[in-house]
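Take a look at the structure below.
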Amino acid sequence: MAPLSPLQRPRYAPHLPPVLLGMNRAGSVGKTTVGHSIGVQAALRGYNVLKADADLQSDMSYWHGYDGDFVPKGAPTIHDVMLGRAKLDDAIVPGRTRISSGDGDDAFRVIPGLHLVRGDNKMSQADSELTMDPRGVFWLQLALKSQIQADQYDLIYIDCPASLGRLSISLLLAATDVIVCMKPTRKEMRGASALAVAIEEIRSEYQEFGASATASYYLINEAKSHQGQGAFYLELQQEAEEIFGDKLLPYIGSSVRVPEAYSAQEPVAIWDPKAPLVPTINGILDTFGFPDKSGAV
Ligand SMILES: Nc1ncnc2c1ncn2[C@@H]1O[C@H](COP(=O)(O)OP(=O)(O)OP(=O)(O)O)[C@@H](O)[C@H]1O
Ligand SMILES: [Mg+2]
């Protein structure tokens, strides 16, 4: 198998690190699970990571103990950044994991190197707000370009809503590489191929504005590993290997550790370091060029 292509750097701002996006127009395919795990495990491996939670339900933020439905008064979020009312730095909170019950900061431990642009349920208004904003779909591209220093982060990950509306287009204009997430079903695979075409169209339409997002990788989440789990699914996975070839990332199997970890507000890698997802994500980080440099993981 040929090696996966390396992550790109933004054409609109070559000083920035790769900007990864987990995407699918369908919901519940594992976008947040994969993105959360990639970000956390890259940080545990010794990298500086910025995650931006642009989803309407703020699951990534919730997983770190920040509720997008109950944002404390005066705490800037990604929604304020989008509207130009706050700088990125003001909306960034530490990535953290729960260590005891309660809502205070002392109920959480900060994960070194992990930073989060806090999500907000007001992002549900984003598609219409972006039509009225003169910076419109360029808000994130402009914020990253002008507010992030060279070498501040090694990797940026953006968690997307399950749609291809104006908000998602704005995220794509800031991204370099898209991981198209799917489940091993016909519906998802059709959706993944259609999304790749849409990403291609957006890139060419906005090329002169530095857009470079590419559907670089495809990921099957909740993959099946043996006949007992359904021969039909295995056949579809084989078909996915033929369609997506070298762009297909290692499969992620189904594991109860994932919803458990979300409920516990701990990353899977901390909730259960032996969960199968953990080495799979580490393997993906290896192929992305983020080998372990912590000596600890
Ligand atoms: N590998 C897995 N094994 C078991 N459960 C999983 C796995 N991956 C995700 N899940 C569960 O499936 C649900 C959807 O996952 P997730 O939130 O990551 O998807 P999403 O694509 O981000 O969804 P949305 O479109 O709502 O943002 C969650 O309840 C999650 O805990
Ligand atoms: Mg999600």
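Please treat every number below as a calculation from the coordinates, not as lab data. A quick note: this is a predicted structure, and the numbers were derived from the prediction, not measured. Heads up, the Cβs are rebuilt from the backbone with ideal geometry, glycines too, and the neighbour counts pull from every protein chain shown.
Residue count for segment 84-129, restricted to those that are within 21 Å of the chain's Cα centre (by Cα) and on the phi < 0 side of the Ramachandran plot: 29. Just one residue in the set Gly102, Gly68 is within 16 Å of ligand 2 (Cβ to nearest atom), part of a loop (DSSP other than H, G, I, E, B) and out of contact with any Phe, Trp or Tyr (no Cβ under 6 Å at 6 or more places or on another chain); that residue is Gly68.
Of all residues in segment 103-136, which are of a type in the set (Val, Ile, Thr) and in contact (Cβ under 8 Å) with a residue 40 or more places away in the chain? If you could, list the steps in order and put the result at the bottom.
Narrowing segment 103-136 to residues of a type in the set (Val, Ile, Thr): 110-111, 117, 131.
Across segment 103-136, the qualifying residues are Ile111, Val117.
For Ser163, are the conditions met, namely being within 16 Å of ligand 1 (Cβ to nearest atom), within 15 Å of the chain's Cα centre (by Cα) and polar (S, T, N, Q)?
yes
Quick check on segment 13-29: of everything there that is surrounded by fewer than 24 Cβ atoms within 10 Å (Cβ to Cβ) and within 16 Å of ligand 2 (Cβ to nearest atom), which residue is nearest to Ile169 (Cα to Cα)? Filtering segment 13-29 for residues that are surrounded by fewer than 24 Cβ atoms within 10 Å (Cβ to Cβ) and within 16 Å of ligand 2 (Cβ to nearest atom), the one nearest to Ile169 (Cα to Cα) comes out as Arg25. Do we find that Ala52 is in contact with a strand residue (DSSP E or B) (Cβ under 7 Å, 6 or more places away or on another chain), more than 24 Å from Lys293 (Cβ to Cβ) and among the hydrophobic types (A, V, I, L, M, F, W, C) in this structure? No.
Does segment 25-59 hold any residues that are in contact with a Lys or Arg (Cβ under 7 Å, 6 or more places away or on another chain) and either away from ligand 1 (no atom under 15 Å from the Cβ) or on the phi > 0 side of the Ramachandran plot (or both), and which are they? Matches in segment 25-59: Arg45, Gly46.
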